[in-house]
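A short write-up of the structure that comes next.
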There are 2 protein chains.
Amino acid sequence: MMCRLGARIDPRIDLADRRTEMTSTPASPRARRGGRSARHALRTARDDRMMPGLTRGIPVCDVMDGAQVERIDAASMDILENVGVLFRDPVAIRDWRAVGAKVQGEMVYLDRGLVRDLIATIPADFTYSARNPANNLRLGGPHSIFVPMTGAPYLRDLDDRRRSPTLDDLAMFHKLSHMMPALHSSAHHIVEPCDHPISHRHLRITYSSMKHSDKTFMGMTTSPRNAEDVLEMCAILFGEAFMEQNPVTTGNCNGNSPLVWDETMLGAMRAFCRRNQPVLCSPFVLGGANTPASVPATVAQLNAETLSALAYTQVIRRGCPAIYGHYLSTVSMRSGAPMAGTPEISLMNFMIGQMARHYGVPWRTSSLLGGAKTFDAQAGYESAATLAAVIHSGANYIWHSAGWNEAGMHCSVAKFITDAEQCAMAFRMAEGPKWDDIDTALAAIPDVGPGGHYLGHPHTQANFQTAFFMPELFDNNSIEQWQAEGSQEITGRALALARKLLGEYREPKLDEARNEALLDYIARREREIPAAEALNQEY
Amino acid sequence: MMCRLGARIDPRIDLADRRTEMTSTPASPRARRGGRSARHALRTARDDRMMPGLTRGIPVCDVMDGAQVERIDAASMDILENVGVLFRDPVAIRDWRAVGAKVQGEMVYLDRGLVRDLIATIPADFTYSARNPANNLRLGGPHSIFVPMTGAPYLRDLDDRRRSPTLDDLAMFHKLSHMMPALHSSAHHIVEPCDHPISHRHLRITYSSMKHSDKTFMGMTTSPRNAEDVLEMCAILFGEAFMEQNPVTTGNCNGNSPLVWDETMLGAMRAFCRRNQPVLCSPFVLGGANTPASVPATVAQLNAETLSALAYTQVIRRGCPAIYGHYLSTVSMRSGAPMAGTPEISLMNFMIGQMARHYGVPWRTSSLLGGAKTFDAQAGYESAATLAAVIHSGANYIWHSAGWNEAGMHCSVAKFITDAEQCAMAFRMAEGPKWDDIDTALAAIPDVGPGGHYLGHPHTQANFQTAFFMPELFDNNSIEQWQAEGSQEITGRALALARKLLGEYREPKLDEARNEALLDYIARREREIPAAEALNQEY
């Protein structure tokens, strides 16, 4: 009789009882007295507690030597000094003048000395607070987190049907984010709640993130005023004073490559930085279309763009945490569409990781991306290739880690669940080998001897459940068994698991007073904001 | 108007003409006079020339420090000295006695000094010769090759139907191996030709490998006598004297973990080594079932097993090339089946790579494995995760690199084609970033300037086709375009490409005299060998 091994094992189950799972020896009288069925229930209950933040134990893949890092740095600084960056925003222009940058119209030329001086005050790591302090996360250096995808205008739902998402769909993804142990955040608009007015969405999205999970979440940056709303809601949830000292949300600000930052993003950036909340400074790079057709030159341009925004965060508020970001793809010259899982994206991630470490700034990338239209093998290859590269690159803020398909046009429930398990597997790999029980494990070898087998050995019985990860969503049965169970491909199995999880979901209740204050704030703002504003899509 | 970019571009096409592919400027008079349609045909012709052997340009993922490498080495040597290895083969027992090993019955206890002395003469790298010398490959150190899967008792065919394979199916896979540029070998029995008597198959399999491709191929090791037949056929193809100096085939010898080598494999090993042909010394490891439930202890046992066989190759013939091998999986405790793409398999690959490099021996691993029953997203995740780990591990002989699904029970045509393209992508990544045109690429940045785009820039036009890999089998079109083209998932697209390739296949003809000698040899042996012998399945 085997127990279910996909879920993590409750440490309260003692070793002697576990052994009975693997051998046919009768249960001991003690075990019988102890209520075997109760313990069986414990064992088979899913452990949906969040895994801690990942602290990596394997090396990063450094593809550049020191001279090449210097070469990229010098090229980026040359771009900042001589080509310049367009800041299409009068406030930013004024701010840049005030710190002595050379400004001509909207063009800003940043001296490398100024850039280096500004970015020097960005913290190398920080703690990202959740409303449940047990879910706080360290970010930067060897510390990484997995954050689900956001921004999908469509979903593939529990029936794998592609359609427009609703607020209920968004809540579903927030619940799943809460329950999948390797996801460290409920993010924000995983899907666009299209049943709600665009100009009010940021309020409902933020509330949904806060309500359905007690993990960290992201803050909308669709406009400066929307960002202010999000931060007001954070202040209600965490307290203004706490926020002054502690990052409680993260906002993404996309740049328009090549070398442009616009007013919307810069305004949102100011809102976040002023309240000491970190932004992801993310040029939106489509290699070959808005960068040169060269891996190192693309990295040099991207690095210049990111540095210019990182520097600006410190103009806004010295010492404010900030994250080296990017959305990075290469472009299919057939369709102009972004690709995923291609070798140059992996190489650029390795290089960008080196640059971010060179500057000592936590960095963000995107993971588990797919351009497939369905959850087919293409999606699997693309996603796993991206994930592997991201893990070896040493990225800290690993965004879009669940659900992304069709180049971000839809979030797939089946893929969301599968990706989240992939994150758990990547987590395990990135921790590195576990050496703690090497001596007892080696002692089993003479016990078993040549030609024997280990399944019955006490060391195996004590350790098989933790020694080797067993993915719940991969079917490793024989084809006969698989056929007997209905010949289900992974999409069907993942959707079945998603339904089961949603059936078991328990809401981590918000404090009642804060919940009411949040709802009051939303109600007031929905009265104030006209229900027709343009949506600024972000990635 | 865009040209097809999936195929590699013929270098004979001059730059000026390429530019007309990307801009709407009229073709120059010269281009018109030059026969535009002819050049278009050139551009769209598939380039199926083999890529060279991979020489890696990115670092390996070393997850152990020096002390941990020493710890594994010491643990393995302890096993060899004190636990012993079963050599179930009287000849091997006699050989071991002759070199002074301690022998008790079939148990051999190998002193670490003897082991180190023996393995010291294994070449760190060698050239693996093909009948077309342009397809010779270097193997070892930074030099790696991709070899298709072998041993599948079933296939999923051009209609994705799962059935027993025939000799014609095997020929089909050999043709596809020949045409996919990143596959460096036609291997041997990619699928089992079940329409031919088991005892004669090795002859037909070997001939099919030799005939349908002029790349390297593998030699069957299903029995010592079968191995002799294969080597005789190699002698006909390459000449006996050439073989004495040059590896022209590789044979796999599986060990039975824990710590057993049997007569069949050892006999085949002797046949290969005596003729200076390399064998892969591959313990068959199912982590947790035939090894301890621990990553480092599994590696220690596997390492001991491999070392014992590597040492024996040098007892057979000093200086003979040999390859550190393994088939490595972790076991699902639900079904007892091997899993693929799990984190511990990746970690063990990293560690085994370190051990092989520690001993200075070329090493083999398995790639692109899947346990899925169909070519669904599970297969994609498993395959890409395995491939990434293998690439970062620095493996030299990257076996099972195309087609493997259902834990090796079937070879899928669709997956074969897709995997082969994945190998091309991994190849590109493992080469590392290309810095050769960094200066001209950087010069494009001021040309374009903030807010511009690069698609029309001469540097882009000259380089986009080589700068960023564009996978032919990934669809990156919009969903509307994809639907307009028939809503095909990757399986359908890959099968269509396979049919197209087979239609374009041109046989690299064997020298007529050698071909006749080979056919004579096969005819004679088929008269001599009774048509009913047991099949020894190998992995």
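Computed as a quarter of the hull surface, the mean projected area of the alpha carbon convex hull for the protein assembly as shown stands at 44.1 nm². To the nearest whole percent, what portion of all C-alpha pairs in segment B:405-539 is separated by more than 25 angstrom? Pairs farther apart than 25 Å: 62 percent.
Angle between the Cα long axis of helix B:198-212 and the longest principal axis of chain B, 0 to 90 degrees, nearest 10? Helix B:198-212 and the main axis of chain B meet at about 40 degrees. Distance from the alpha carbon centroid of segment B:351-429 to that of segment B:430-493 works out to 26 angstrom. What separates the B:E431 label point from its copies, with the point 7 Å along Cα to Cβ, is 3.8 nm, written shortest first.
Placing a label point 7 Å from the Cα of B:G319 along the Cα-to-Cβ direction, the distances to the matching points in the other copies come to 7.1 nm, shortest first.
Where the centroid of each part is defined by its Cα atoms, how far is segment B:101-140 from segment B:228-249 in Å? Centre-to-centre (Cα) distance: 18 Å. As a calculated quantity, the FRET efficiency between A:D48 and A:N515 at R0 = 25 Å, using C-beta atoms, amounts to about 0.65.
State whether segment B:348-428 is rounded, prolate or oblate according to the following rule on the C-alpha gyration tensor (a ≥ b ≥ c being the square roots of its eigenvalues): a/c under 1.5 gives rounded; otherwise a/b larger than b/c gives prolate, and the remaining case gives oblate. Verdict is prolate for segment B:348-428. For chain A, the longest principal axis of the alpha carbon atoms and the long axis of helix A:167-179 meet at an angle near 60°. Take the Cα of B:D65, step 7 Å toward its Cβ, do the same at A:E526, and the gap between the two points is 5.8 nm.
With both bridge residues required to lie in the protein assembly as shown, what share of the DSSP beta bridges run antiparallel, to the nearest 5%? Looking only at bridges with both residues in the protein assembly as shown, the antiparallel portion is about 40 percent. Other residues with beta-carbon under 14 Å from the beta-carbon of B:E263 carry, at +1 per Lys or Arg and -1 per Asp or Glu, a net charge of 0. Treating r as the C-beta distance of A:Q104 and A:S487 and R0 as 56 Å, the FRET efficiency rounds to 0.25.
Taken over the alpha carbons of segment A:333-481 as equal point scatterers, the Debye sum produces base-10 log I(q)/I(0) values at 0.11, 0.20, 0.21 Å⁻¹ of -0.59, -1.17, -1.24. Chain A: D in µm²/s via Stokes-Einstein (Kirkwood Rh, Cα pairs, 25 °C, 0.890 mPa s)? Translational diffusion coefficient: 100 µm²/s. Helix B:224-238 and the longest principal axis of the Cα set of chain B meet at an angle near 50°. Taking a Cβ cut-off of under 11 Å around A:M172, the surrounding Lys, Arg, Asp and Glu residues balance to a net charge of -1, with basic ones at +1 and acidic ones at -1.
A:M77 sits among other residues whose Cβ lies under 9 Å from its own Cβ, and their net charge, with Lys and Arg +1 and Asp and Glu -1, is -2.
With a Förster radius of 35 Å applied to the beta-carbon distance between B:S478 and A:L502, the computed FRET efficiency rounds to 0.70.
Length available on full extension from A:I198 to A:V91: 0.36 nm per residue minus the Cα-Cα distance, which gives 35.9 nm. The rotation axis taking chain B to chain A passes closest to this chain B residue's Cβ, listed with the gap in Å: B:G380, 1.
Averaged over the residues of B:334-341, the number of partner chain Cβ atoms lying within 10 Å of the residue Cβ comes to 6.
A short reminder: the numbers here are calculations on the coordinates, not readings from a lab. Just so it is clear, the model here is predicted, and its values are computed rather than measured. Here the Cβ is made from the backbone with ideal geometry for all residues, glycine too, and neighbour counts use every protein chain on show.
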